[in-house]
Amino acid sequence: MTGPLDGRVALVAGATRGAGRGIAVELGAAGATVYVTGRSTRARRSEYDRPETIEDTADLVTAAGGRGIAVPTDHLEPDQVRALVARVDREQGRLDVLVNDIWGAEHLFDWDAPVWEHDLDKGLRLLRLAVETHAITSHHALPLLLRHPGGLVVEVTDGTADYNRDTYRVSFFYDLAKSSVLRMAFALAHEVGPRGATAVALTPGWMRSEIMLGHFGVEEDTWRDALEREPHFAISESPRYVGRAVAALAADPDVARRNGQSLSSGGLARDYGFTDLDGSRPDAWRYLVEVQDAGKPADTTGYR
């Protein structure tokens, strides 16, 4: 059995859980060798203090059909990122896909708190985790990715460029972080495009990450129990959905046409024909505008 990404090498930075884990697993399912990084390992947890680890993600990648390699990395530490990329170069001699999914700041922002009331140290830490890490990783990884033509850089954020342009996102620091990642993809497209690579921004929809499921007190197989508390959660998607979006982009021989674009899992599902694990195609960002933000009752008819 071969996959469309056999022989390709990917680095998913920030793959401990959530979108990063879903992306890593789907790249593995397509046959790629996937380096997965993060700060939570079986030996040591990050400040999240959660059970998910990068070793678990690597095992899931391998079980899906690829080769998962876990490398503990704090992406705020340039020397660690430099060593990570040197290892990929030493072991593989190439890098075909870079996914910047580093975040780690769920506990650092307050909903709707104005900047003068928000904890300043937490807000600045959020920006470092969400923006500085991406810049450090791109700085060190892109020379290896550009060594061979056809490389793909995916900046994972929350919200499309259109949605975030017109919508206040949670708080000053959160809004700034997610908009900054969109702009980073735009800037990278101008820098890597003429050198034979493609850079895009990609957002999942309302994703059923481990943290989100925990917030509602449900599991992946019981997530619909949360609809009594939040009916619009009906539009939610599994982390594997955005993973399939990245795998589809990486396997697309004409992906360069998307250079600089802001993309969503739901939009790419329409384009490439993939589905979520349950066979549906949730289109969360269209739903948010046309149903949830419009104040209409929850109804996913025509949106998944």
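A short reminder: the numbers here are calculations on the coordinates, not readings from a lab. Keep in mind it's a predicted model, so treat the numbers as computed, not measured. For neighbour counting, all protein chains shown are included, and Cβ atoms are generated from backbone atoms with ideal geometry for every residue, glycine included.
Cα centroids of segment 229-304 and segment 1-61: 21 Å apart. Here the peptides 214-220, 37-43, 16-22, 78-84 are ranked by packing, the mean other Cβ count within 10 Å, and the order with the highest first is 16-22, 37-43, 78-84, 214-220. The shape of segment 224-290 can be summarised by an equivalent ellipsoid whose semi-axes, obtained from the alpha carbon gyration tensor, come to 26, 13, 8 Å from longest to shortest. Whole-Hz Karplus values for segment 56-64 come out as 4, 4, 4, 5, 5, 4, 5, 5, 6 Hz, taken residue by residue from phi with 6.51 cos²θ - 1.76 cosθ + 1.60 and θ = phi - 60°; glycine and proline positions read x.
The listed peptides 195-203, 236-244, ordered by packing as a protection proxy, come out as 236-244, 195-203 (highest mean of other Cβ atoms within 10 Å first).
Label segment 189-304 by shape, choosing from rounded, prolate and oblate, from the square roots a ≥ b ≥ c of the eigenvalues of the Cα gyration tensor; if a/c is under 1.5 it is rounded, and otherwise prolate applies when a/b is larger than b/c, oblate when it is not.
prolate
Pairing the Cα long axis of helix 239-251 with the longest principal axis of the chain, what angle in degrees results, from 0 to 90 and rounded to the nearest 10? Helix 239-251 and the main axis of the chain meet at about 40 degrees.
With contributions of -39500 (n - 2.57) from each DSSP H run of at least four residues, the per-residue ellipticity at 222 nm computed over the chain stands at -11500 deg cm²/dmol. Summary value for the chain: 17 percent relative contact order, contacts being C-alpha pairs under 8 angstrom separated by 6+ residues. Exposure proxy ranking for His140, His134, based on other Cβ atoms within 10 angstrom of each Cβ and starting from the fewest, stands as His140, His134. For the pair Thr167 and Arg270, a Förster radius of 25 Å applied to the C-beta separation gives a FRET efficiency near 0.70, rounded to the nearest 0.05.
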